[in-house]
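Undergrad: Sending over a structure as structure tokens; questions will come in a sec.
All of the numbers you see were taken from the coordinates with simple rules; none came from a lab. Fair warning: this is a prediction, and the values are worked out from it, not measured in the lab.
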């Protein structure tokens, strides 16, 4: 079976492929500043929680919007792209 990005929700069968890798860090904001200084692209900054950014189960959606509990958690994490264009999740340890 060919590799499919785990971030491709339209064409990939569920559960196939690599979506992202995550790291817990003591200070997400400082870590973002550091990785940006190395040229990494921030693709989801802290304090942002747009419905279209979240791959959540249908049970987390009410009235065509993601419930606030999921948004609260999502605001506390960030995603960056590494040099190989993989998504790297940074969250508070």
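Undergrad: How much length is gained on full extension from residue 91 to residue 75, taking 0.36 nm per residue of separation minus their Cα-Cα distance? The partial results should precede the final answer.
TA: Working: separation 16, 0.36 × 16 = 5.76 nm, distance 0.99 nm.
Result for the pair: 4.8 nm of gain on full extension.
Undergrad: Here's another thing I want to ask about it. Assuming a viscosity of 1.306 mPa s and a temperature of 10 °C, what translational diffusion coefficient in µm² per second does Stokes-Einstein assign to segment 20-92, Rh being the Kirkwood radius over Cα pairs? Mind showing how you got there, number by number?
TA: On the way: Rh = 12.9 Å.
It comes out at roughly 123 µm²/s.
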